[in-house]
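What follows is a short report on a single structure.
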Amino acid sequence: KPLKLDKVLFIVLHHTDCTNATPEEIDAWHKENGWAGFGYNEYIRKDGTVYIGRGDNIGAHCANMNSKSYGIYCEGNYDIENYLPRAQYCALLERIRYNTGRFPNLIEIGPHKKYVNTSCPGKYFPMPTILNEADRKYVSFEDANRLIGNKSIRDKIMNCLRLTNSILNLYSCNNYNK
């Protein structure tokens, strides 16, 4: 079923609870659980590769919250691995920032363990750092496009926004020392 973007209140962050896994392996595990395949909306590998799983369809990642949340799954077991690789961290920030702009009624970004009894996304998952960096204010392209009627002015502003948002992401990633 399609996920209603205006009904998404939470972005829920997860880890795979194993050190590495392909999207195909995760899909098979989830089918063994009786789900309709890959349960997460997105998956980020350690090398920073982003896979869209269920995308804008209702996920199967957080009990009793799936119709009002969007799940981003990070490869790794951050109960034993003590850091996210830099590429994964940067991709996660980028995806959080992108998705934050798509959900007009978003209340919070939180770890899976906040909503259900689990250790996910692990004790070494850098949740405070991610939340701090993800909360840096930036203007979304959608807002700028909607608010600025004059096309030539809008195009100039959009180019500045691309640069500003790129610099913001670069700054966030450069300050992550893993």
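Observations on the structure shown:
- Test: residue in the stretch 7-29 that is surrounded by fewer than 15 Cβ atoms within 10 Å (Cβ to Cβ) and within 23 Å of LEU131 (Cβ to Cβ): yes
- Within the stretch 30-56, restricting attention to residues that are over 15 Å from TYR89 (Cα atoms) and open to solvent by 70 Å² or more (accessible area, probe 1.4 Å), the residue that is farthest from the chain's Cα centre (by Cα) is GLU32.
- Members of the stretch 59-70 that are part of a helix (DSSP H, G or I) and surrounded by fewer than 13 Cβ atoms within 10 Å (Cβ to Cβ): none
- Subset of the stretch 98-117 that is within 17 Å of LEU3 (Cα to Cα) and of a type in the set (S, T, N, Q) - its residue that is surrounded by the most Cβ atoms within 10 Å (Cβ to Cβ): ASN99
- Selected residue (criterion: farthest from the chain's Cα centre (by Cα)) from residues of the stretch 83-96 that are open to solvent by less than 30 Å² (accessible area, probe 1.4 Å) and farther than 20 Å from ASN66 by Cα: LEU84
- Taking the criterion of being assigned to a loop (DSSP other than H, G, I, E, B) and closer than 21 Å to PHE125 by Cα, the residues of the stretch 22-58 that qualify are THR22, GLY39, TYR40, ASN41, ARG45, LYS46, ASP47, GLY48, THR49.
The values are calculated or read from the model by the stated rules, or taken from the named source; none is laboratory data. Since the structure is predicted, the reported quantities are computational estimates derived from the model, not experimental observations. FYI the Cβ positions are ideal-geometry reconstructions off the backbone, even for glycines, and counts take in every protein chain you see. SASA here: full protein model, heavy atoms, side chains in, ligands and nucleic acids out. Shrake-Rupley method; radii C 1.70, N 1.55, O 1.52, S 1.80 Å.
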